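Undergrad: Okay, here's the structure, questions in a sec.
The values are calculated or read from the model by the stated rules, or taken from the named source; none is laboratory data. In this text the structure is predicted, and so the values were computed from the model without any measurement. Quick reminder, even Gly has a Cβ in these numbers, built from the backbone with ideal geometry, and neighbours come from all protein chains shown.
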Amino acid sequence: MALIQQCLRVCNDVAPSWAGGQEDRQEFCVREGLCAAVEQSFAWAVGQRPVIESHGAMLPSALATVCPKRLALAVSFCFRKSVERSVAALHGQRVLLGVSGGIAAYKAAELVRRLRDAGAEVRVVMTAGAQRFITALTLQALSGNPVRTSLWDEAAEAAMGHIELARWATRILIAPASADLLARLALGRADDLLTTLCLASEAPLAVAPAMNRVMWAHPATQAHVGTLRARGVEILGPASGEQACGETGEGRMSEPQVLVDALSATLVPQRLVSKRILVSAGPTFEDIDPVRFLGNRSSGRMGFALAAAAAKAGAEVTLVAGPVRLATPSGVSRIDVRSAAQMREALLSALPGQHAYIGAAAVADYRPAEIATQKIKKGDGPSSLVLERTVDILAEIASHPQRPACLLGFAAETHDVETYARGKLEAKRLDGIAANRVGVPGQGFDADENALKLYWNGGQREYATASKAAIAAGLIDWVADWLERK
Ligand code: CTP
């Protein structure tokens, strides 16, 4: 990992001075979580030779002799010429890509390429609707495999082709997933090849919804999505923006690279086995009376993504969640709370034996000094609310006798992000703080994607816009580094 940091420093110093350098640097930061693969890339780029098994031992000394400019060129070389192949996060994965009917089906062509670039073997199954938007021939040429479109293909089914395909897949990704497809999946229907395969396969399933914003927001669609999520299906997106129908809103299919990043993020190395990680997520609600409360706009998605990423890295994860409607990530123990006081109590009782605490919750700083036991009527209610400060849980944990070895805080700021974030890093005596700008459309609260900067004493790292799952994987990697160094 020291190697990665060394390279990042060089990227920061030198990258702006060459054309495309800034882009490379950002790309590097996003992908940094995939450290082993990135090291491989560097080994190849720096040495300009195939990587040998012992590259980890060989490289740091090799790097010491490389001048920064050359290293910077290696970064560029790496990302421009070989990163897609070298950062083979999906290497060895057999991805069954399901394409359903919708204008976003054209993006499936790009997606197949990106999946293959990331090292996956890809086979495509198209629904009848999908074939009206893009041809099987295109996807066959790009995937390098025949495309299946029907359950009634006599030649393929002579050898029980759909069962063979269901067993072949290590991952199933459906992109785009139309409203109709989501409904059929939620109901467990098997009325075409794609839905039959989903029922017949034990591979993890991810879907990338794409549809008109009103269709996406419809309670029927949302109910189906809720059912699928509760069943462990990963819902990737949709993103917000301009739609093919001319409207603007939530419903666009996430970009192919975002989908590949999300898929890759689920394949993180098991770096946190035997580590215990405590995560807080979501807002807190501070009651005013039995029907009103003070809250905030945190959706809890970043905290849940962190808990999921830590569990995937092998950690024993306890997630203390404020009032959110999100499915518990698999393998995570969840404690639901409502107020800042309840969150503090739950976190402190879970604290003994934790190796890291990640404070992603947006904990209220103030609560009403008194909670009315009956609904306050407008006639006799006070014209102002008397508030009192809540306890700063993160700062309290930092000075607790059972302080975990790694404390990672969050700072959501609308302006002067670095100054405020570094201020909190120091004031709360944290090991790291992840800061993001809020108030930027499509990012932060309630968005699928995020972009943030991580600061620690003597360093910083940038995570350019990517899915929350991908960013969470990167942050968990940093936590693993920190714990390894301790
Ligand atoms: N935090 C906490 N307890 C609180 C308030 C905040 O544990 N009562 C934690 C959050 O979980 C987050 C970090 O402190 O990890 C920073 O939260 P933030 O609201 O950005 O900062 P504050 O310290 O509350 O400062 P301000 O609201 O003035 O920006």
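Undergrad: Give me the pairs, please: first residue somewhere in the range 391-403 and under 16 Å from M343 (Cβ atoms), second residue anywhere and at pLDDT 95 or above and of a type in the set (D, E), beta-carbon distance under 7 Å, and either six or more positions apart or on two chains.
TA: Once the first residue is under 16 Å from M343 (Cβ atoms) and sits in the range 391-403, no partner that is at pLDDT 95 or above and of a type in the set (D, E) comes close enough.
Undergrad: Could you please find all residues in the range 213-239 being surrounded by fewer than 20 Cβ atoms within 10 Å (Cβ to Cβ), of a type outside the set (D, E, K, R) and part of a loop (DSSP other than H, G, I, E, B)?
TA: H218, G232
Undergrad: Can I ask one more? For residues that are within 8 Å of the ligand (Cβ to nearest atom) and assigned to a strand (DSSP E or B), scanning just the range 409-437, find the one that is farthest from L475 (Cα to Cα).
TA: E413
Undergrad: What residue, of E396, E345, E370, is acidic (D, E) and assigned to a loop (DSSP other than H, G, I, E, B)? Can you show your working first?
TA: Numbers: E396 fails: assigned to a loop (DSSP other than H, G, I, E, B); E345 fails: assigned to a loop (DSSP other than H, G, I, E, B).
Among E396, E345, E370, only E370 is acidic (D, E) and assigned to a loop (DSSP other than H, G, I, E, B).
Undergrad: From the list G379, G331, G322, pick out the single residue that is within 14 Å of the ligand (Cβ to nearest atom) and not polar (S, T, N, Q). Spell out how you get there, then give the answer.
TA: On the way: G379 fails: within 14 Å of the ligand (Cβ to nearest atom); G331 fails: within 14 Å of the ligand (Cβ to nearest atom).
G322 is the lone residue from the list that is within 14 Å of the ligand (Cβ to nearest atom) and not polar (S, T, N, Q).
Undergrad: Taking the options A128, A89, name whichever one is in a loop (DSSP other than H, G, I, E, B), surrounded by fewer than 17 Cβ atoms within 10 Å (Cβ to Cβ) and touching a residue at least 60 places away in the same chain (Cβ under 8 Å).
TA: Numbers: A89 fails: surrounded by fewer than 17 Cβ atoms within 10 Å (Cβ to Cβ).
Every option except A128 fails the conditions.
Undergrad: Considering (1) surrounded by fewer than 15 Cβ atoms within 10 Å (Cβ to Cβ); (2) touching a His at 6+ places or on another chain (Cβ under 8 Å); (3) not acidic (D, E), say which one A183 fails and leave the rest.
TA: So A183 meets the others, but not (1).
Undergrad: Hey, G161 hits all of (1) in contact with a Pro (Cβ under 9 Å, 6 or more places away or on another chain); (2) over 25 Å from P209 (Cα atoms) but one; which does it fall short on?
TA: With respect to (1) in contact with a Pro (Cβ under 9 Å, 6 or more places away or on another chain); (2) over 25 Å from P209 (Cα atoms), G161 is out only on (1).
Undergrad: Looking at (1) farther than 28 Å from T227 by Cβ; (2) more than 30 Å from the chain's Cα centre (by Cα), which one does V147 not meet, given that it meets all the others?
TA: The one condition V147 does not meet is (2).
Undergrad: All but one of (1) away from the ligand (no atom under 16 Å from the Cβ); (2) at negative phi; (3) in contact (Cβ under 8 Å) with a residue 60 or more places away in the chain hold for V363; which doesn't?
TA: (1)
Undergrad: Anything in the range 338-367 that is surrounded by fewer than 19 Cβ atoms within 10 Å (Cβ to Cβ) and over 16 Å from I277 (Cα atoms)? List them, or say none.
TA: Within the range 338-367, R338, A341, Q342, E345, D365, Y366 meet the criteria.
Undergrad: For the range 110-120, does any single residue satisfy the condition of being outside any helix (DSSP H, G or I), of a type outside the set (F, W, Y), under 29 Å from M211 (Cα atoms) and at pLDDT 95 or above?
TA: No: zero hits.
Undergrad: A follow-up question, please. If I filter the range 382-391 for residues that are surrounded by 22 or more Cβ atoms within 10 Å (Cβ to Cβ) and either within 30 Å of E250 (Cα to Cα) or near the ligand (Cβ under 9 Å from one of its atoms) (or both), do I get at least one hit? Before the answer, list the steps.
TA: Our first condition is that a residue be surrounded by 22 or more Cβ atoms within 10 Å (Cβ to Cβ); within the range 382-391, this holds for none.
Checking the range 382-391: not a single residue is surrounded by 22 or more Cβ atoms within 10 Å (Cβ to Cβ) and either within 30 Å of E250 (Cα to Cα) or near the ligand (Cβ under 9 Å from one of its atoms) (or both).
Undergrad: Does at least one position in the range 249-262 carry a residue that is assigned to a loop (DSSP other than H, G, I, E, B) and in contact with a helix residue (DSSP H, G or I) (Cβ under 6 Å, 6 or more places away or on another chain)? Before the answer, list the steps.
TA: Keep residues of the range 249-262 that are assigned to a loop (DSSP other than H, G, I, E, B), which gives 253-255.
With the extra rule that they be in contact with a helix residue (DSSP H, G or I) (Cβ under 6 Å, 6 or more places away or on another chain), the set shrinks to 253.
There is at least one residue in the range 249-262 that is assigned to a loop (DSSP other than H, G, I, E, B) and in contact with a helix residue (DSSP H, G or I) (Cβ under 6 Å, 6 or more places away or on another chain).
Undergrad: From the list T170, T149, T195, T138, which one is under 26 Å from A217 (Cα atoms) and either surrounded by 20 or more Cβ atoms within 10 Å (Cβ to Cβ) or not acidic (D, E) (or both)? Talk me through it step by step, then tell me what you get.
TA: Values: T170 fails: under 26 Å from A217 (Cα atoms); T149 fails: under 26 Å from A217 (Cα atoms); T138 fails: under 26 Å from A217 (Cα atoms).
Answer to the selection: T195.
Undergrad: Can I ask one more? Looking only at the range 316-337, count every residue that is modelled with pLDDT of 95 or more, outside any strand (DSSP E or B) and surrounded by fewer than 18 Cβ atoms within 10 Å (Cβ to Cβ) and tell me the total.
TA: Residues that pass the stated criteria total 2.
Undergrad: In addition: How many residues are surrounded by 22 or more Cβ atoms within 10 Å (Cβ to Cβ), closer than 22 Å to L452 by Cα and within 11 Å of the ligand (Cβ to nearest atom) if we restrict to the range 394-408?
TA: Start the filter on the range 394-408 by keeping residues that are surrounded by 22 or more Cβ atoms within 10 Å (Cβ to Cβ), which leaves 394, 397, 404, 406-408.
Add one more test, that the residue is closer than 22 Å to L452 by Cα, and what stays is 394, 406-408.
In the following step, the residues that additionally are within 11 Å of the ligand (Cβ to nearest atom) were identified as 394, 407-408.
The total comes to 3.
Undergrad: What about A311, is it within 24 Å of the chain's Cα centre (by Cα), under 14 Å from I393 (Cβ atoms) and buried (at least 17 other Cβ atoms within 10 Å of the Cβ)?
TA: On the way: within 24 Å of the chain's Cα centre (by Cα): yes; under 14 Å from I393 (Cβ atoms): no; buried (at least 17 other Cβ atoms within 10 Å of the Cβ): yes.
No.
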